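Peer 1: If you scroll down you'll find the structure; I have some questions about it.
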Amino acid sequence: MIETRTMSKEKPNLSDKYSELNVSEDDNISDYRNSATEELPVETANLNNESDEMLQLPASEDDLEMEPSGPSEDPPSDYQVLSTSSSDEETTLNDELKNWAGGNQVKMNHTDELLKILRRFGHSELPATARTLMGTNTYDVPIEYVSGYETYYYDIHEEFNKHLSIYKNGELDNIACLKIQLNYDGVPIFKSNSSSFWPLLCTLCNLPGSNVFPIMLSYGESAHPTNNDLLIPVITDLKKLFENGFFFNEKQYQVELNAIICDAPARSMAKCVKGHSGYFACDRCTQEGEYIEHRVVLPETRNLHMRTDHSFRTQEQRRHHNDVSPFLELEIDMISVW
């Protein structure tokens, strides 16, 4: 190592220096400075020689080989990962991208663009499309054609088992009855034509954190089905559930219909009654509407004759009904449940 010398910050006594050099204070100060620094270049030169010897680089590569002075140490962990990497234990870039795209719900077209950029910059091992990256599988599902609609019916028992299995042991001990809510409505797909989806959704409304799941999915090229025939298989399965209950983890649960949630057009179609702009369209009372200012209104608010489940099933007011609703097969209140 280069020896460092500590120099004192105290000012030198000029009179002492004068006496040592046998000069007087009247002599030229420059003479003293020259005499006091005569040997400094020699010391500086020696110091420079020492530093050059210490910093001198080896002349050949053989000089770089040095005998180990102690037991060998393992290289840093970062270098170990690079030199001893195993493809079986490491997460690949393909897996990282798949988890990123799925966890952040990245759109397929955005993932496609990212894959194109990565492949252009040397990652040719990556797939070209998001469909291949995510491993999207295609399945052959039984499709039924009902009333001009392609319809798929989910297994209600399988869907119930799937959603009840998320609850831990003991969370369903105080539940004796499963109350369900249904939603039936149309979803337009394109603006250029009238094709639409008509899903029938379900949820277990009396269970905390219950999700919505489909029990039927229909597709057709018209704005809505011409009849309710596509609902008949679902209503048949629901009727069996209401009568026999549902078994899960060796426990039987009763199943009840809490509500059927629809907008006005879907409700009138499912109940087979007049639309919301008809003269006898009210779901709660039997009054006849009046045509006022280019619209049908129901002016009466008192002394009304209310509809009941019995009057609906027997169709006491025939002008309210268009046909017989398939939901009459269920033992539900056709007024309050809607």
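Bear in mind these aren't lab numbers, they're just calculated from the coordinates by the rules spelled out. Treat the numbers as computed from the prediction; the structure is a model and nothing was measured. Backbone-built Cβ (ideal geometry, glycine too); neighbour counts: all protein chains shown.
Peer 1: To check you understand DSSP bridge types, tell me what percent of the beta bridges within the range 174-268 (both residues inside) are antiparallel, rounded to 5.
Peer 2: 70
Peer 1: Any idea how far the Cα center of the range 301-319 sits from the one of the range 246-288, in Å?
Peer 2: Measuring centre to centre over Cα atoms gives 15 Å.
Peer 1: Something else about it: Which entries of Lys179/Lys251; Lys191/Lys274; Lys98/Lys168 have Cα-Cα distances beyond 18 Å here?
Peer 2: Listed pairs above 18 Å: Lys191/Lys274; Lys98/Lys168.
Peer 1: For every other residue with a beta carbon closer than 15 angstrom to the beta carbon of Leu172, add +1 if it is Lys or Arg and -1 if Asp or Glu, then tell me the sum.
Peer 2: +1
Peer 1: Calculate I(q)/I(0) for the range 176-305 by the Debye formula, one identical point scatterer on each C-alpha and no solvent, and give its log10 at q = 0.13, 0.18, 0.21 Å⁻¹ to two decimals.
Peer 2: -0.74, -1.07, -1.20
Peer 1: May I pose another question? Taking only the alpha carbons of the range 105-153, what extent do you get along each of the three principal axes, in Å, biggest first?
Peer 2: Its Cα atoms span 52, 17, 17 Å along the three principal axes.
Peer 1: Would you mind calculating the gained length between Glu221 and Val297 on full extension (0.36 nm times residue separation, minus the Cα-Cα distance), in nm to one decimal?
Peer 2: Extra length from Glu221 to Val297 when fully extended: 24.0 nm.
Peer 1: Right, next: Given contacts defined as C-alpha pairs under 8 Å and at least six residues apart, what's the relative contact order of the range 258-338, whole-number percent?
Peer 2: Once divided by the residue count of the range 258-338, the mean separation gives 35 percent.
Peer 1: When you have a sec, figure out the Kirkwood radius of the range 273-321 from all distinct Cα pair distances and drop it here in Å to one decimal?
Peer 2: Across the range 273-321, the inverse of the average 1/r is 11.2 Å.
Peer 1: Full extension from Thr129 to Thr91: what is 0.36 nm times the residue separation minus their Cα-Cα distance, to one decimal in nm?
Peer 2: 11.7 nm
Peer 1: Spin-label point model (7 Å from Cα, Cβ direction): what's the Val324 to Phe248 distance in nm?
Peer 2: Going from the Val324 label point to the Phe248 one covers 3.4 nm.
Peer 1: Whole-Hz Karplus ³J(HN,Hα) for the range 302-314, in order, using 6.51 cos²θ - 1.76 cosθ + 1.60 and θ = phi - 60°, x for Gly and Pro?
Peer 2: Running phi through 6.51 cos²θ - 1.76 cosθ + 1.60 with θ = phi - 60° gives 10, 6, 8, 8, 7, 7, 10, 4, 5, 5, 5, 5, 8 Hz.
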